[in-house]
Amino acid sequence: MRDDELPHKTDAGREEIRKRTLKLPNALRAVLLLVDGQRSVAQLRGVVAGLHGPANALDQLLAAGLIARGANAATEGAKPVPAVASDEASRYGILYTLMSETVRQHLGLRGYFLQLRIERCVDVAGLMALMGDLKIALAKAHGTDFAEESDEHLRSVASA
């Protein structure tokens with residue numbers, strides 16, 4: 001894909017967002033959420049790098065038929081998303097990925113049910129509502145200082 005292209009979700013991509021049938025890895029799902037027909041390939045690659053996602057994330061989504069090339073989101077019948085919603089989607093994708101990775105790295109199986117609750121969240125407010133539970137679980141597993149630092153980091157990302 002060219003850096004100046006504006007990829008957009010296909011009908012299959014929007015269906016995957018709703019139903020999660022493909023069980024995409026967290027980083028790929030976050031990138032799919034951010035594809036809105038307004039961000040260029042170059043901008044999306046920058047986000048992928050920030051999420052520590054695979055460098056070929058957009059190519060994977062394209063190959064799976066979840067996104068399509070193009071300069072216009074209207075080719076799929078989608079309405080352009082306002083910039084505020086894009087910022088919210090970006091914050092959601094980044095926060096979702098960070099919280100999921102925190103659970104995976106620091107709680108393991110002990111965080112299984114918390115991870116399920118994170119996956120059910122559809123917006124930043126839902127994720128923020130779970131931060132207290134994540135902080136408690138981290139404090140039990142790694143101590144209060146670690147939990148405080150993690151909580152501060154996640155909240156700074158959520159409010160950015």
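Yes or no: the stretch 18-25 includes at least one residue that is of a type outside the set (S, T, Y) and farther than 21 Å from R104 by Cβ. Talk me through it step by step, then tell me what you get.
Filtering the stretch 18-25 for residues of a type outside the set (S, T, Y) gives 18-20, 22-25.
Still in the running and farther than 21 Å from R104 by Cβ: 18-19.
Yes; the residues of the stretch 18-25 include at least one that is of a type outside the set (S, T, Y) and farther than 21 Å from R104 by Cβ.
Return yes or no: is L33 outside the structural domain of E101 (by TED's automatic domain parsing), assigned to a helix (DSSP H, G or I) and at negative phi?
Yes.
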* Any residue in the stretch 145-157 that's over 16 Å from S90 (Cα atoms): show its pairings with residues that are among the polar types (S, T, N, Q) at Cβ separation under 7 Å, as long as the two are six or more apart or on different chains. => S150/T102
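Every residue in the stretch 84-113 that is among the polar types (S, T, N, Q), under 17 Å from D151 (Cβ atoms) and either modelled with pLDDT under 85 or not assigned by TED's automatic domain parsing to the domain that holds D133 (or both), please.
Restricting attention to the stretch 84-113, the residues satisfying the condition of being among the polar types (S, T, N, Q) are 86, 90, 97, 100, 102, 105.
Pick out the ones that are also under 17 Å from D151 (Cβ atoms) and you get 97, 100, 102, 105.
Within the stretch 84-113, T97 is the sole residue that qualifies.
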* Could you list, in sequence order, the residues of the stretch 12-24 that are in contact (Cβ under 8 Å) with a residue 12 or more places away in the chain, under 19 Å from D123 (Cα atoms) and assigned to a loop (DSSP other than H, G, I, E, B)? -> R20
* Asked: Of everything in the stretch 59-82 that's modelled with pLDDT of 85 or more and farther than 15 Å from E16 by Cα, which residue is surrounded by the most Cβ atoms within 10 Å (Cβ to Cβ)?
  -> R69
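Kindly indicate the residue of the stretch 30-55 that is under 19 Å from R120 (Cβ atoms) and in contact (Cβ under 8 Å) with a residue 40 or more places away in the chain and also surrounded by the fewest Cβ atoms within 10 Å (Cβ to Cβ) among those meeting that condition.
Just the residues of the stretch 30-55 that are under 19 Å from R120 (Cβ atoms), to begin with: 30, 32-33.
When the remaining residues are screened for being in contact (Cβ under 8 Å) with a residue 40 or more places away in the chain, the result is 30, 33.
Working: A30: 26, L33: 20.
Filtering first and then ranking leaves L33.
The values are calculated or read from the model by the stated rules, or taken from the named source; none is laboratory data. This structure is a prediction, so every number in the text was calculated from the model and none was measured. Using ideal geometry, Cβ is built from the backbone for each residue, glycine included, and neighbour counts are taken over all protein chains shown.
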